[in-house]
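Working notes, beginning with the structure itself.
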Amino acid sequence: MAGHSGLGYYLRRVLRVSLETGTMAHLLHRVTGLLIVVYLFLHIGAMSYTYFDAGSGFDDLMATFASTPFLIVDLVLFAGVMIHGLNGLRIMLFDMGYFSRRQKELFWVMMAIAATSVLIATWLVGAAHGWW
Amino acid sequence: MGGGELQQTVHIHASKRSFWLWFLQRVSSVGLIVVLLFHMIVLHYVDPSAEITLADTHVRLQSFLFIIVDSLLLGFGLFHGLNGVRNVAYDYFPKPGTRKAISSILLIVGVVVFVWGAFVLVNLVLAG
Ligand code: HEM
């Protein structure tokens, strides 16, 4: 348990929530999960375009999606998927009894992997689209 | 949370259904790791500069592998995502009547979007 002083304690009092790693992980899992659901519906919607327009409409749409603002959104989505997926894997591992004494450490290992993969993806996308 | 303190998750399932939904959430998670990785790597990672076109998509979908992966992606994604939304909603709406309404709406949305997505997929396979 964190102490009864300091910034963490103050924030917990103000927000009336626990800022323990477990709560944060749970919240992060929830927010990223919902974000991906929204994306899934948009994605199915965009693919549906082909149903109505077999001409160049779809290709024009895909070209729009290859522009910088959309690529940035893609990278945010990728970060969400990595965070959610790796944290989901962590949840399933300790459901099965693995790492139950090391949940917090495993969370940070997973987040480090997620951060690294997002950095690599950003570098690759940037290189492919002339950002650097 | 003291160091080394044991924190084991204990799942108490009110019904057989809640167990199966919990279990299928896990099955779809593992499924999604496989098909989502495949999807993202093949479409975006192998060549990040490639622009996706209708013609390429049509050609890709002549392969059985892509038809299977895309179908599983649609099914697992919708089940997992909407069952996830149900889990979130249950945390905020304790009344059984409200919960039932939420579950029914999510089920209908899931089935409709699945059928719609399947139509689009078949359309992409056939017509391009
Ligand atoms: C990379 C593969 C994925 C893995 C390993 C994964 C894993 C998990 C796990 C284990 C849970 C249950 C958490 C719990 O019971 O406490 C979960 C919940 C959830 N997932 Fe996923 N997931 C993945 C992809 C997705 C996708 C693609 C979506 C969206 C379509 C999604 C949306 C959700 C939502 C909304 C929840 C509910 C969150 C909550 O209850 O707070 N997940 N995920």
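Can you pull out every residue in segment A:30-77 that is polar (S, T, N, Q) and at the interface with another protein chain (Cβ under 9 Å from one of its Cβ atoms)? A:S48, A:T50, A:S56 - these are the residues of segment A:30-77 that are polar (S, T, N, Q) and at the interface with another protein chain (Cβ under 9 Å from one of its Cβ atoms).
Hey, can you tell me all the residues within segment B:30-42 that are within 10 Å of chain A (Cβ to nearest Cβ) and either farther than 15 Å from A:L40 by Cβ or more than 8 Å from the ligand (Cβ to nearest atom) (or both)? Outline the logic, then answer.
Initially, segment B:30-42 is screened for residues within 10 Å of chain A (Cβ to nearest Cβ), giving B:30, B:32-33, B:36-37, B:40.
If the condition is that a residue be within 10 Å of chain A (Cβ to nearest Cβ) and either farther than 15 Å from A:L40 by Cβ or more than 8 Å from the ligand (Cβ to nearest atom) (or both), then B:V30, B:I33, B:L37, B:M40 are the ones that fit.
The combined condition, being at the interface with chain B (Cβ under 9 Å from one of its Cβ atoms) and not in a helix (DSSP H, G or I), is fulfilled by A:S100. Among A:F107, A:F94, which is under 24 Å from B:W22 (Cβ atoms), out of contact with any His (no Cβ under 9 Å at 6 or more places or on another chain) and more than 11 Å from chain B (Cβ to nearest Cβ)? Criteria check complete, one pass: A:F107.
The residues listed here are B:A101, B:A14; of these, the one that is among the aliphatic types (A, V, I, L, M), away from the ligand (no atom under 13 Å from the Cβ) and either in a loop (DSSP other than H, G, I, E, B) or in contact (Cβ under 8 Å) with a residue 24 or more places away in the chain (or both) is B:A14.
On the given criteria, is A:G88 near the ligand (Cβ under 10 Å from one of its atoms), more than 11 Å from chain B (Cβ to nearest Cβ) and assigned to a helix (DSSP H, G or I)? Judged against the criteria, A:G88 is not a match. Considering only segment B:75-95, state which residues are more than 8 Å from the ligand (Cβ to nearest atom), more than 8 Å from the chain's Cα centre (by Cα) and not aliphatic (A, V, I, L, M). Residues satisfying the conditions are B:R86, B:Y90, B:Y92, B:F93, B:P94, B:K95.
Pairs are defined by a Cβ separation below 6 Å, a sequence spacing of at least 6 or placement on different chains, a first member in segment B:75-94 that is over 26 Å from B:L121 (Cα atoms) and more than 11 Å from chain A (Cβ to nearest Cβ), and a second member that is near the ligand (Cβ under 7 Å from one of its atoms) and assigned to a helix (DSSP H, G or I); no pair meets this definition. Residues in segment A:19-35 that are among the aliphatic types (A, V, I, L, M) and either within 8 Å of the ligand (Cβ to nearest atom) or part of a helix (DSSP H, G or I) (or both): A:M24, A:A25, A:L27, A:L28, A:V31, A:L34, A:L35. In segment B:28-44, the residues that are without any contact (Cβ under 8 Å) to a residue 40 or more places away in the chain form Cβ pairs under 6 Å with partners that are more than 9 Å from the ligand (Cβ to nearest atom) and part of a helix (DSSP H, G or I), at six or more places apart or across chains, as follows: B:F38/B:V69.
None of the figures in this text is laboratory data; all of them are computed from the coordinates on show. What you see is a predicted model; the values in this text were computed from it and never measured. Virtual Cβ from ideal backbone geometry, glycine too; neighbours counted across all protein chains shown.
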